[in-house]
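A short write-up of the structure that comes next.
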Amino acid sequence: MKKIILSMMAICSIGQLAKAFCGFYVAKAGAELYNHKSEVILVRDGDQTFITMSNDFEGDVKDFAMVVPIPNVISRKDIQIADRSIFSKLDAYSAPRLVEYYDDNPCIIDFEENFINEAGGMQTRMLNPLTAMTSGITHQVKIEAKYNVEEYEILILSAKKSSGLKNWLLENDYKIPAKAEKVLEPYIKSGLKFFVVKVDLNKYNSEANDGFLRPLQIKVKTDKFMLPIRLGMANSVGEQDMIVYAFSKKGRVECSNYRTVKMPTGNNIPTFIKPKFGSFYKDVFKKKHKKEGKDVVFLEYAWNVTPSWSGMKCDPCVGNPPKQKEFIMAGVPWYENTTSQTYFTRLHVRYSLKNFPEDLFFIETPNKEHYQARYVIRHPAKGDLSCDRGVEYLEALRKRRMEELNSIASLANWDIRKYPDYVESGKIKSVVNESENKENILPFIFKDNNGGNRRYQPLMVVTFILLSVYLLNAFVRRLRSAK
Amino acid sequence: MKTLIRVFKHEINDPRYFQIIFLGSFLLFGISYLDWDANVLTYSVFIATALITQVLFAFFTTKNYASIKSGMITALGLCLLLKTGELWVASLGAFVAISSKYILRLRGKHIFNPANIGIIVSILLTNQAWISPGQWGSSMLLWFFIGAAGLMMLLKVSRLDTTIAFFLTFGLLLFIRSVVYLGWEPEVWWHQMSNGTLLLFAFFMITDPMTIPNHAKARIIWSIGLAITLFVASSFFYIQTAAIWILFFISPFTPLFDQFFQQKKYEWNTLNK
């Protein structure tokens, strides 16, 4: 009986973030594969990369399999099992956060600092970056190495042709997606090997780790600092999300073949967002992603996390900053060296086959600037505000609330007419009109037909005008010299 | 008044004004539309240091203050390419860039592209400078924008051959390897070819008439060599910032080319082009 590989998108429809993974999933016998976003920890040290891949697989473990292209054969000591909790720790530390402040009552002279830092982090889920495929070994496919790493059976395969690898998989009753063979070919031609994983049912302990599979961590030695996302897109039909937690000794890590763009930060947003921050941020991300052309990588957090550095590692702190224990779990090899600096970067990419033709390549930069995606709500002052300063405060509060409503309209396209009472005035209509007009100064030019291309349109007009002037000038000069 | 008009008519022929306008608009475009950080302070330091250094050197040497235009072009090139969080590094980069034009000379030409050497020295000497190869992204519209501006510039200075030779060689080699041999889709090749940093490099950095060979044939050979080296460095050694390093190392060979292929040196703003 042929085992069917199910599309990720067909199964992962829980809502929340679009599902993503760095490879393609192969399911045995039609099992329900349920996975969410993928999360990857990338540690770069010289020409070594330590990759830790989270695994939210929730089906039957005998159906689980994973395939990752790697640059060369790795040894047993380069493979480890990681602790799942590292992902939720890093996520909690670096997720976009909401902070709240309480305004002081200006009519009360002796006021205390009502400053409460409460942050609701954006739950990021991890997609399985690896696709799983496994089957028996046949001709044209060589088993370079075979390891048993606790509950995992690992094979390192090399293939001469993608058809050989495909046959190898097919012989084990895995129907690979039609597109996968095409994607495998460039990896094989580039001399990459394939890290193939499945679960050894005899050793698997379902009680440990709440039934989840433990993450795998591998060390690869390569000049290519990259993530092979193309394989993961082979059987998906839409967009996939991936969060990358990067560690470097030098500074911020950014993408070198796609733009790295910062998420909006520092915006004041209305107080009613508090219980809905998750869905709000999802909409902010969705809009920003579309506005930037759907082919960029987003920066959500970048900070110096060197343990010996005395500065604040977060502001505010949602989860604790990673320390030596977390460094060890993440695979940071320099954790014992007290003179080494450590910089942490969180990148969020929503990719699709159409918009991301290339695998993601990264570069370490000495950029030490701190950055975080942070949104602010301010609770109004309480009590008697009838004094002069109180009246001024109320007027400023009204203005601020209008700006807060504008914020959610411009950041996330939320319809602010649903919140007519928020500003306590009849100015809602003008607020709506203002924000609409800002985006439509010259509608026939700025028409938002294709998201990202919109930003180039005024430049096209300017360039066209310049070109025309230049050509006209050249033409006139030629005419003159002809005379 | 007549003198002013005469000066104006003379000045307007100087292609450097166009280059300043183009580079300035690239910078504005990047800040407004590509979400670059608007490091106004850093940009000011680049421009101020470059112009002051340029004026000082001109005062003590050639007394040709028209060279301030070249200084501005170098400053804008640094604003676009060199990233740093430290103002002193920006100052160092600009200073090295401009002073290299006067100190590192051979046979009446400066050896290194000033922005190029400014970037390299800043990266090597400090640990606070870098370039972002992905800062432009990749888009066909970048070809339109940077390409159109570049084309206008290069037609004016008659140096289109470098860019054409570079793109043809690099594009062909990359296509053969990526698409024909490895089997990637053509979109992958196109994504690499429409990278903004590559376009800026090809249209504005390897076309500086002062630092590329004088003779057309020499330029084409020089360009082809550059393209082949860049292809090897990026495809086999995965050096993502290879372009600026290769230009740096290949620049000292320009005088050699000028030795073998004799041709008059380029002069800004003369009537015979």
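Across the cross-link table entries B:9/B:101; A:37/A:262; A:160/A:203; A:37/A:274; A:287/A:354; A:142/A:224, which are compared at the Cα atoms, the separations over 26 Å belong to B:9/B:101; A:160/A:203. Over all directions, the projected convex hull of the C-alpha atoms in chain B averages 15.1 nm² in area. Cα to Cα, under 16 Å, and not fewer than 8 places away if on the same chain: which lysines meet these conditions relative to residue B:217? Here the lysines satisfying the reach criterion relative to residue B:217 are B:264, B:265. A simple packing score, the average count of other Cβ atoms within 10 Å per residue, orders the peptides A:361-367, A:46-52 as A:361-367, A:46-52, with the highest score first. To make sure I understand the rule: partners must be aspartates and glutamates, Cα under 18 Å from the Cα of residue A:161, and not fewer than 8 residues away in the same chain. Which ones qualify? Output for residue A:161: A:144, A:171, A:181, A:185, B:185.
Inter-chain neighbour count for A:257-263: the average number of beta-carbon atoms from partner chains within 10 Å of each residue's beta-carbon is 6.
Pull out a ≥ b ≥ c, the square roots of the eigenvalues of the alpha-carbon gyration tensor of the stretch B:166-207, then state rounded if a/c is under 1.5, prolate if not and a/b is larger than b/c, and oblate in the remaining case.
oblate
Listed from fewest to most Cβ neighbours within 10 Å, the set B:264, B:83 follows the order B:264, B:83.
Counts of other chain beta carbons within 10 angstrom of each beta carbon in peptide A:357-366 average 5.
Taking the mean number of other Cβ atoms within 10 Å as a proxy for protection, how do you rank B:58-65, B:124-131 from highest to lowest?
By packing density, highest mean first, the sequence is B:124-131, B:58-65.
Just check the stretch B:2-130 against the gyration tensor rule for me: Cα atoms, a ≥ b ≥ c as the square roots of the eigenvalues, rounded for a/c under 1.5, and otherwise prolate or oblate depending on whether a/b exceeds b/c. Cα axes put the stretch B:2-130 in the oblate bin.
Fewest-first ordering of A:67, B:55 by other beta carbons within 10 Å of each residue's beta carbon gives B:55, A:67.
Taking a straight line from the alpha carbon of residue A:219, these lysines sit under 17 Å away, with near neighbours fewer than eight places off in the same chain left out: A:77, A:146, A:193, A:249.
Compactness of the stretch B:152-231 is given as radius of gyration and Dmax, 13.3, 40 Å, from Cα positions. Based on Cα contacts under 8 Å between residues 6+ apart, chain B shows a relative contact order of 19 percent. Please label the shape of the stretch B:70-166 as rounded, prolate or oblate, based on the square roots a ≥ b ≥ c of the eigenvalues of the alpha-carbon gyration tensor (a/c under 1.5 means rounded; beyond that, a/b larger than b/c means prolate, else oblate). Oblate shape, in that a/c is at least 1.5 and b/c is the bigger or equal ratio. When the helices of chain B are scored as -39500 (n - 2.57) per DSSP H run of n ≥ 4 and the total is divided over every residue, the value at 222 nm lands at -21000 deg cm²/dmol. Per residue of B:172-184, other chain Cβ atoms within 10 Å of the residue Cβ number 3 on average.
Can you tell me, using C-alpha contacts under 8 Å and at least 6 residues apart, the relative contact order of the stretch B:2-130 as a whole percent? Computed value for the stretch B:2-130: 24 percent relative contact order.
Could you sort the peptides A:386-395, B:229-238 by per-residue average Cβ neighbour count (10 Å cutoff), highest mean leading?
Ranking the peptides A:386-395, B:229-238 by packing returns B:229-238, A:386-395.
Throughout, read-outs are computed from the coordinates displayed, never taken from laboratory work. Since the model is a prediction, treat every value here as computed from it, not as a measurement. When we count neighbours, we look across all protein chains shown, and the Cβ atoms used for this are built from the backbone with ideal geometry, even at glycine.
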